[in-house]
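> The structure that follows is given in the form of structure tokens.
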Amino acid sequence: MSRDLHSEIKTKLKDDIMQGALTKFAEQYPGARLKSYENVGDGSQEAIDELRDDLRDMKLRTVENIEKYADEFQKSVEARGGIVYRAKDGDDLKQYLIKIANENGVKRIVKSKSMATEEIHLNHDLEEKGFHVRETDLGEWMLAVAGQKPSHMVMPAIHLNRQQCAKFFSQELKEEIPSDIPFMIQTARRVLREEFRTADMGITGANFGVAENGAIGLVTNEGNARLVTTLPRIHVVIIGYEKLIPKVKDIAKIVRLLPRNGTCQRMTSYMTMVDGPTPVIYKKDGEWVEENRKQYVILLDNGRLKAAHDPKMRQAFQCVRCASCLNVCPIWTLVGGHVYGHIYSGGIGAILTGLLGKGSMEAFGQFSDLCIGCRKCVSICPGKVPIPDLIDELRHRNVKEKGLSFPEKMAFQHILTNRSLFHTLLRAASLAQKPVQSGKFIRHLPLFFAHLTEGRSLPAVSDRPMRDRMAELSKKNPANPVKRVAFFSGCNLDFVFPDTAENVVKVLQDLGMEVVFPEAQSCCGKPAIGMGDRDTGKVLAKQNIEAFEKSGADVIICACPTCAETLEKTYVEMFAEDSSWRTRVELFAAKIREFTSFVAEEYEKQGRLKETEGNEKVTYHDSCHMRRGLGVWKEPRALLKAAKGVDFVEMHNPDKCCGMAGAFGMRYAEISLPMLKEKLTNVKNTGASTVAVACPACMMQIGGGLDQELPNVKVKHVADILAERL
């Protein structure tokens with residue numbers, strides 16, 4: 001079914017109730033999470049990372065031997081009296097479940113929260129077959145009444161407020177329910193108590209299944225899962241292969257992280273372990289009887305085993321479904337989960353959608369570009385799942401299978417790879433923009449382009465790019481340089497911000513460096529690679545490597561972190577299996593240095609990295625690729641604090657994405673602009689007159705917003721600030 005994703009996004013952005021809930025939650029979550037870790041070791045990030053490493057390593061070892069642990073788990077469950085069935089997909093599982101329900105005379109079913117059952121739309125099929133099915137998780141129950149799907153893996157009804165919940169209660173129970181939370185909880189207990197008492201079958205998911213002894217674990221806060229496992233005479237566990245763990249001792253690796261990341265608790269209210277059938281008393285033919293409850297454990301595949309045997313995609317098995325990645329995702333916290341159009345949302349949702357079930361890649365392609373690759377999720381994920389990397393891999397596979405659209409193919413394969421044509425078009429653009437250009441900005445565009453300049457100005461393409469200036473700048477290279485440095489400018493610094501590119505060169509020359517600019521360099525390839533077109537990325541990589549091999553440089557400097565990450569890391573990954581190019585790529589990548597980290601290192605050697613006092617208030621925005629891709633965030637701050645006349649002031653959430661993210665900022669302006677507005681508010685609250693950045697794309701986004709909203713505040717690259725003070 002075709003969707004108007006942009007329209008759905010705009011609707012969610014206008015939902016004041018959801019916006020209020022998500023904004024408040026996103027603001028409170030990071031601090032609450034860190035507080036829950038205060039008693040872990042010394043409470044440091046290193047202590048937290050040690051736990052994360054243990055969990056990741058355990059999960060990877062498990063997935064590498066998934067069949068072995070599945071066999072051991074089945075044997076252990078059966079030894080305790082349980083029955084195990086391995087379902088190849090959702091249809092297989094539902095057929096088996098309906099069969100055992102009919103064989104056991106089941107009419108009424110209670111369920112605790114399970115994303116696996118949501119994944120296969122279990123409730124719908126059971127109800128169609130005449131079974132009475134009741135969700136007993138409070139949020140899931142309300143969503144079922146409302147006819148909605150979960151918007152979050154842990155807090156399914158986070159997008160609703162108490163007034164809406166009371167309305168759904170009233171509709172379901174046919175009585176007026178006030179919007180008082182304690183009253184609603186008591187009402188739910190009263191109603192659900194009867195459901196638990198009369199249920200024939202209880203269905204749960206599992207947070208983990210232990211191969212060593214066949215136990216399954218349920219980590220919950222409401223207690224409903226415990227009732228689902230103990231009151232009905234039949235208990236069915238639906239568990240995905242990714243939930244298996246080898247040993248009882250491995251439980252600690254999960255429970256020390258899952259509650260802290262999922263709900264910011266050291267431990268949830270209920271930790272339930274179920275290890276086989278237990279006695280149950282129920283009424284049969286009018287008389288009370290006691291017998292062992294039946295336990296069925298269904299291991300769900302639905303694409304999981306294929307992913308487990310995929311050397312790259314198996315990393316998705318490191319996920320423990322805590323949803324912390326959603327809690328810090330700048331896109332999810334704006335639009336919520338429902339715009340993703342599937343059961344799983346956010347970046348991890350895109351991956352799971354691409355791997356699990358029928359037609360998975362089609363669904364993945366519909367919303368995978370809602371991941372902007374900011375890597376905030378990776379920094380917080382307890383299993384260290386490299387979510388943006390796996391999304392890039394799936395995008396690449398999608399392109400290999402289906403190809404690019406005609407405009408993308410033309411732009412990437414016929415223009416971007418032809419440097420002469422590409423640069424000619426950029427020069428032509430500098431002339432074509434004259435009628436709408438105002439200084440260094442384009443503030444208004446006509447007709448159907450008008451929306452591109454709503455809320456932000458666009459930077460004008462320079463009429464004199466960096467490559468036309470380098471010959472003159474080269475004359476100022478020192479006579480006896482300490483190093484020969486090649487400057488990789490990237491497209492933005494070359495054609496949009498050549499003044500900043502000049503300042504990069506001036507700062508390097510001031511350090512005693514000879515700076516060269518290989519004119520054969522072109523785009524780093526990130527736009528194409530990010531869309532899944534690695535073939536174009538490889539063509540551009542080869543062009544750039546050949547250009548810089550001829551420079552004879554000791555170091556290659558990038559003042560754009562996106563380019564730096566692409567040249568240093570992505571190129572190596574793309575050519576890892578190419579024996580004819582691998583060595584050349586590795587030698588090239590070894591020379592790449594990000595500008596601020598390189599300059600800070602050299603300043604330190606020269607004794608120039610000492611904090612000074614000043615009157616010009618300057619704040620700093622962290623580029624996503626800079627802080628979390630390259631791990632560079634201390635160095636630019638050290639440089640700013642050492643810059644003469646600067647009074648450095650930190651802004652709130654300095655590392656939260658500004659909303660540019662390459663083409664995303666244009667394609668999804670309706671999301672990009674609220675992100676920008678939040679950033680501008682944080683800038684304004686510092687009282688700074690200058691926002692320093694180390695990324696030209698952020699410079700473009702923040703500078704365009706400042707031009708319209710705060711024209712007295714300027715955005716400058718760190719290189720600009722340093723060059724002004726030479």
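The values are calculated or read from the model by the stated rules, or taken from the named source; none is laboratory data. Please read these numbers as outputs of a predicted model, since none were measured by experiment. We place every Cβ from the backbone using ideal geometry, glycine too, and count neighbours over all the protein chains shown.
> Check L143, L173, L138 and return the single one that is of a type outside the set (D, E, K, R), buried (at least 20 other Cβ atoms within 10 Å of the Cβ) and without any contact (Cβ under 8 Å) to a residue 40 or more places away in the chain.
None of the others qualify; the one that does is L143.
> For region 631-653, give me the residue count where each residue is out of contact with any Gly (no Cβ under 9 Å at 6 or more places or on another chain), exposed (fewer than 14 other Cβ atoms within 10 Å of the Cβ) and closer than 20 Å to F595 by Cα.
Residues that pass the stated criteria total 2.
> So, restricting to helices (runs of 4 or more DSSP H) that lie completely within region 326-375, which ones have at least 1 residues that are over 29 Å from P561 (Cβ atoms) and outside the structural domain of P156 (by TED's automatic domain parsing)?
Once the helices (runs of 4 or more DSSP H) in region 326-375 are filtered for at least 1 residues that are over 29 Å from P561 (Cβ atoms) and outside the structural domain of P156 (by TED's automatic domain parsing), what remains is 346-355, 360-367.
> Examine region 689-699 for a residue that is closer than 17 Å to L370 by Cβ, hydroxyl-bearing (S, T, Y) and not in a helix (DSSP H, G or I), and state whether such a residue exists.
No, there is no match, as no residue in region 689-699 is closer than 17 Å to L370 by Cβ, hydroxyl-bearing (S, T, Y) and not in a helix (DSSP H, G or I).
> Name the one entry in K59, K75, K24 that is touching an Asp or Glu at 6+ places or on another chain (Cβ under 9 Å) and part of a helix (DSSP H, G or I).
Answer to the check: K59.
> Looking at region 386-430 only, could you name the residues that are more than 27 Å from the chain's Cα centre (by Cα) and not in a helix (DSSP H, G or I)?
If the condition is that a residue be more than 27 Å from the chain's Cα centre (by Cα) and not in a helix (DSSP H, G or I), then T417, N418 are the ones that fit.
> So, in region 527-561, of the ones that are of a type in the set (A, V, I, L, M) and in a helix (DSSP H, G or I), which residue ends up farthest from G629 (Cα to Cα)?
If we take residues in region 527-561 being of a type in the set (A, V, I, L, M) and in a helix (DSSP H, G or I), then A547 is farthest from G629 (Cα to Cα).
> Pick from A26, A47: which is touching a residue at least 24 places away in the same chain (Cβ under 8 Å) and of a type in the set (G, A, S)?
Answer to the selection: A26.
> Another question, if that's okay. Out of (1) assigned to a helix (DSSP H, G or I); (2) charged (D, E, K, R); (3) surrounded by 17 or more Cβ atoms within 10 Å (Cβ to Cβ), what's the single condition that is false for K656?
Here K656 clears every test but (1).
> Suppose we filter G43, G20 for residues that are more than 20 Å from I254 (Cβ to Cβ), small (G, A, S) and more than 24 Å from the chain's Cα centre (by Cα); which single one remains?
G43
> Out of region 339-348, which residues are in contact with a Leu (Cβ under 8 Å, 6 or more places away or on another chain) and without any contact (Cβ under 8 Å) to a residue 40 or more places away in the chain?
Y340, G346, I348
> If you don't mind, there's one more thing I want to ask. With respect to the numbered conditions (1) of a type outside the set (A, V, I, L, M, F, W, C); (2) farther than 19 Å from G90 by Cβ; (3) buried (at least 22 other Cβ atoms within 10 Å of the Cβ); (4) modelled with pLDDT under 95, which one is the sole condition not fulfilled by H338?
(3)
> Within region 115-214, considering only helices (runs of 4 or more DSSP H) that don't extend past its boundaries, which have at least 2 residues that are over 27 Å from the mean Cα position of the chain (by Cα)?
122-128, 138-146, 162-173, 181-198
> Tell me yes or no: at least one residue of region 261-271 is surrounded by fewer than 19 Cβ atoms within 10 Å (Cβ to Cβ), over 18 Å from G205 (Cβ atoms) and of a type in the set (F, W, Y).
Taking every residue of region 261-271 in turn, none turns out to be surrounded by fewer than 19 Cβ atoms within 10 Å (Cβ to Cβ), over 18 Å from G205 (Cβ atoms) and of a type in the set (F, W, Y).
> A follow-up question, please. Which one of these does L493 not meet: (1) at pLDDT 95 or above; (2) in contact with an Asp or Glu (Cβ under 9 Å, 6 or more places away or on another chain); (3) among the aliphatic types (A, V, I, L, M)?
L493 satisfies all of (1) at pLDDT 95 or above; (2) in contact with an Asp or Glu (Cβ under 9 Å, 6 or more places away or on another chain); (3) among the aliphatic types (A, V, I, L, M) except (2).
> Could I ask something else about it? On the given criteria, is A663 at pLDDT below 95 and within 23 Å of D494 (Cβ to Cβ)? Lay out the reasoning, then the answer.
Details: at pLDDT below 95: yes; within 23 Å of D494 (Cβ to Cβ): yes.
Yes: the conditions hold for A663.
> Write out, first by first residue and then by second, each pair whose Cβ atoms fall under 9 Å of each other, whose residues are 6+ apart or on separate chains, and whose first residue, in region 422-447, is outside the structural domain of G490 (by TED's automatic domain parsing) while the second is modelled with pLDDT under 90 and of a type in the set (A, V, I, L, M).
Every condition considered, the pairs that remain are V436/L445; I442/L452; H444/A450; L445/L452.
> Can you go through D91, D49 and tell me which one is under 30 Å from L299 (Cβ atoms) and outside any loop (DSSP other than H, G, I, E, B)?
On the way: D49 fails: under 30 Å from L299 (Cβ atoms).
Only one candidate qualifies: D91.
> When you scan region 587-595, do you find a residue that is closer than 17 Å to A692 by Cβ, in the same structural domain as C698 (by TED's automatic domain parsing), in a helix (DSSP H, G or I) and touching a residue at least 12 places away in the same chain (Cβ under 8 Å), even just one?
Going through region 587-595, the residues closer than 17 Å to A692 by Cβ turn out to be 594-595.
Still in the list and also in the same structural domain as C698 (by TED's automatic domain parsing): 594-595.
This time we only want the ones that are in a helix (DSSP H, G or I), so: 595.
Filter again for touching a residue at least 12 places away in the same chain (Cβ under 8 Å), leaving 595.
There is at least one residue in region 587-595 that is closer than 17 Å to A692 by Cβ, in the same structural domain as C698 (by TED's automatic domain parsing), in a helix (DSSP H, G or I) and touching a residue at least 12 places away in the same chain (Cβ under 8 Å).
> I'd like the full set of residues that are surrounded by fewer than 19 Cβ atoms within 10 Å (Cβ to Cβ) and of a type in the set (A, V, I, L, M), limited to region 341-372.
M361
> Shifting gears a bit: Collect the residues in region 438-486 that are crowded, with 17+ Cβ neighbours inside 10 Å and among the polar types (S, T, N, Q), keeping them in residue-number order.
T453, S457, S462, N477
> Scan S489, S551 and give me the residue that is hydroxyl-bearing (S, T, Y), under 30 Å from R725 (Cα atoms), in contact with a Phe, Trp or Tyr (Cβ under 9 Å, 6 or more places away or on another chain) and surrounded by fewer than 21 Cβ atoms within 10 Å (Cβ to Cβ).
S551
> Exactly one of these conditions fails for V237: (1) out of contact with any Phe, Trp or Tyr (no Cβ under 6 Å at 6 or more places or on another chain); (2) assigned to a helix (DSSP H, G or I). Give me its number.
Result: V237 passes all but (2).
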